[in-house]
Amino acid sequence: MPSVRFRLNGVETDVDADPDRPLLDILRGRFGMTGPHFGCGAGECGACNVMIDDRAVAACDTPLWSIADKDITTIEGLGTAERPHPLQRAFIAEQALQCGYCVSGILMSAAALLKRNPKPGSREVKEALDGNLCRCGSHNRMVRAVLRAAGETAAE
């Protein structure tokens, strides 16, 4: 099997696996990254979103071969318990999560948005999160949290 080289949360990584295997399987099975969740398996719900070169992408339908030489960031690489990312702090402050199943994918979509646009408006946040499904109904709090994190980041 060919080896695929990429950076996972800032660390150079090589994987020998079927190049058509979904990135989500590799992240969870080989690296123990349990933040990206399996939801629909068709790239429609956003539960498995990760950042690939600063773009939010569904890992469930991203083949391993397509990430060669790219930067992959999972929720595990966004922040730590000791130093949470501004989005993580804002989601806690705004109580923008309930069951938590969708949150890692939503945080990755929001992080990708803030990399592209550090001062988004409400409309831009809603558009960026549109591909993420949440059954708990926390959408309005999530939008407030992203705007809060944007304000916090801009103030730093």
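The values are calculated or read from the model by the stated rules, or taken from the named source; none is laboratory data. As the structure is a computational prediction, the values presented were derived from the model and not from experiment. Cβ coordinates were reconstructed from backbone atoms using ideal geometry, including for glycine residues, and neighbour counts include every protein chain displayed.
The rows are residues; the columns are (1) in the same structural domain as Thr13 (by TED's automatic domain parsing); (2) in contact with a helix residue (DSSP H, G or I) (Cβ under 8 Å, 6 or more places away or on another chain); (3) of a type in the set (S, T, N, Q).
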| position | (1), (2), (3) |
| --- | --- |
| Asp54 | yes, yes, no |
| Cys60 | yes, yes, no |
| Asp69 | yes, no, no |
| Ile72 | yes, yes, no |
| Glu94 | no, yes, no |
| Gly100 | no, no, no |
| Val103 | no, yes, no |
| Ala110 | no, yes, no |
| Leu113 | no, yes, no |
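Among the residues of the stretch 66-81, which ones are surrounded by fewer than 14 Cβ atoms within 10 Å (Cβ to Cβ) and either at pLDDT below 95 or in contact with an Asp or Glu (Cβ under 6 Å, 6 or more places away or on another chain) (or both)?
Answer for the stretch 66-81, where residues must be surrounded by fewer than 14 Cβ atoms within 10 Å (Cβ to Cβ) and either at pLDDT below 95 or in contact with an Asp or Glu (Cβ under 6 Å, 6 or more places away or on another chain) (or both): Thr80, Ala81.
From the list Asn132, Asn140, which one is out of contact with any Lys or Arg (no Cβ under 6 Å at 6 or more places or on another chain) and within 25 Å of Leu8 (Cα to Cα)? Show your work before the answer.
Numbers: Asn140 fails: within 25 Å of Leu8 (Cα to Cα).
The unique qualifying residue is Asn132.
Taking the criterion of being within 29 Å of Gly151 (Cα to Cα), of a type in the set (Lys, Arg) and without any contact (Cβ under 8 Å) to a residue 12 or more places away in the chain, would at least one residue in the stretch 82-103 satisfy it?
Here is the first cut: in the stretch 82-103, the ones within 29 Å of Gly151 (Cα to Cα) are 82-103.
Then keep just the ones that are of a type in the set (Lys, Arg); that gives 83, 89.
Retained after the next criterion (residues that are without any contact (Cβ under 8 Å) to a residue 12 or more places away in the chain): 83.
Yes, the stretch 82-103 has at least one match.
Can you find a residue in the stretch 137-149 that is under 14 Å from the mean Cα position of the chain (by Cα) and surrounded by fewer than 23 Cβ atoms within 10 Å (Cβ to Cβ)?
Scanning the stretch 137-149 turns up no residue that is under 14 Å from the mean Cα position of the chain (by Cα) and surrounded by fewer than 23 Cβ atoms within 10 Å (Cβ to Cβ).
As an exercise: evaluate Lys126 against (1) part of a loop (DSSP other than H, G, I, E, B); (2) surrounded by 14 or more Cβ atoms within 10 Å (Cβ to Cβ); (3) of a type in the set (Lys, Arg) and give the number of the one condition it does not meet.
So the condition that Lys126 fails would be (1).
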